[in-house]
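In what follows, a structure is listed as structure tokens, so that the remarks can point back to it.
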Amino acid sequence: MKWIALDIGTKYTGYAVYIEKNNNPKLIKHGQFSIKGKYAKDRFPEMLISLTDLIYNIQPDYIVVEGFYGGKNFKSVEYLAKLQGWVEGQCSLGNYTFISIAAQSWRKGCGMATGRRKNNEKQAERPDYKKIAREFAIQLANTDDMTEDECDAICIGYGAYDTLKKRQLQS
């Protein structure tokens, strides 16, 4: 089994490529696409080309993306939705399985404590998921020379492994 995990963005997209080895996920490649341009609409075509090249060079069984939730900038959300829809379309064309996974699910798969914040719990008391994800990704990749988007993609891919195994068994 081989899969690509994506932390999709219009300016930066982190990716991680995994294979299954001895019934465990093994990270074999990771990186980030950095696209220049002031507006999402200007970056969009180049991001599509970068993602196309990655997908067709890797030929994965699965492509996993983190589901996204609304943001402050409508245009950014619009282009994120278009990118994610485009990736799902590529999966259909290439006979790959598309999986959108919630942040809570991949965090749980990486062993991070998850849960809802209680009404009286302050933001500062919540776990620093970015820091925890970075530390986890550094262990998997054996390097600390990574962007936040790469770290997230590495964690998304690792955390999705149980979901992928269940899908594979159902096939």
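The values are calculated or read from the model by the stated rules, or taken from the named source; none is laboratory data. Predicted model only: the values in this text are computed from it and were never measured. Here the Cβ is made from the backbone with ideal geometry for all residues, glycine too, and neighbour counts use every protein chain on show. These accessible areas exclude ligands, DNA and RNA; they are computed on the full protein's heavy atoms, side chains included. Shrake-Rupley method; radii C 1.70, N 1.55, O 1.52, S 1.80 Å.
For the reader, a short list of remarks on this structure follows.
- Extreme residue, modelled with the lowest pLDDT, among residues of segment 99-151 that are outside any helix (DSSP H, G or I) and hydrophobic (A, V, I, L, M, F, W, C): 113
- Residues satisfying the stated conditions in segment 88-102, i.e. out of contact with any Ser or Thr (no Cβ under 8 Å at 6 or more places or on another chain) and crowded, with 19+ Cβ neighbours inside 10 Å: 96
- Subset of segment 72-87 (residues that are open to solvent by less than 50 Å² (accessible area, probe 1.4 Å) and either outside any helix (DSSP H, G or I) or closer than 17 Å to residue 57 by Cα (or both)): 87
- When each of 4, 19, 63, 28 is tested for being exposed (fewer than 14 other Cβ atoms within 10 Å of the Cβ), at pLDDT 95 or above and not in a helix (DSSP H, G or I), the lone residue that passes is 28.
- Among the residues making up segment 35-60, a single one is open to solvent by 70 Å² or more (accessible area, probe 1.4 Å), touching a strand residue (DSSP E or B) at 6+ places or on another chain (Cβ under 9 Å) and not in a helix (DSSP H, G or I): 59.
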